[in-house]
Amino acid sequence: MRRGHHTKHSPAKVAKTPLDYMVYCFSVATPLFELPQAITIFTHHSAHDVSIYTWGFFVLDNLVWIAYAAKRRLIPLLVSTILYLIIEVAIVVGIVLYS
């Protein structure tokens, strides 16, 4: 290598631990716990006592987390926040339709 010439090295692969696999499972499973709220809104055609401010903020919050996770290439966090976003947007749509 010539003096002053720098090359980028790819990061070393790190072995997965049980904690990594647990995070992967929770990153998919946890957003699913919001599904009952969405299902209730759409099956009963009612968003009574459901706050659009709260759920709207959750949508905004997830957009920030998605940007962060994408920039840092944090795939489990990215997957989780995208799933949250999908469900939360559905809830907000339900609130708008049925309030």
Qualifying residue in segment 68-87 (condition: over 28 Å from K16 (Cβ atoms) and either touching a residue at least 60 places away in the same chain (Cβ under 8 Å) or assigned to a helix (DSSP H, G or I) (or both)): no
Set V92, V59, V96: member being out of contact with any strand residue (DSSP E or B) (no Cβ under 9 Å at 6 or more places or on another chain) and without any contact (Cβ under 8 Å) to a residue 40 or more places away in the chain: V59
Residues of segment 26-65 classified as at negative phi and outside any helix (DSSP H, G or I), total: 5
Complete set of residues in segment 23-75 that are surrounded by 14 or more Cβ atoms within 10 Å (Cβ to Cβ), at pLDDT below 95 and among the aromatic types (F, W, Y): Y24
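The values are calculated or read from the model by the stated rules, or taken from the named source; none is laboratory data. Quantities reported herein were computed from a predicted structural model and do not represent experimental measurements. Using ideal geometry, Cβ is built from the backbone for each residue, glycine included, and neighbour counts are taken over all protein chains shown.
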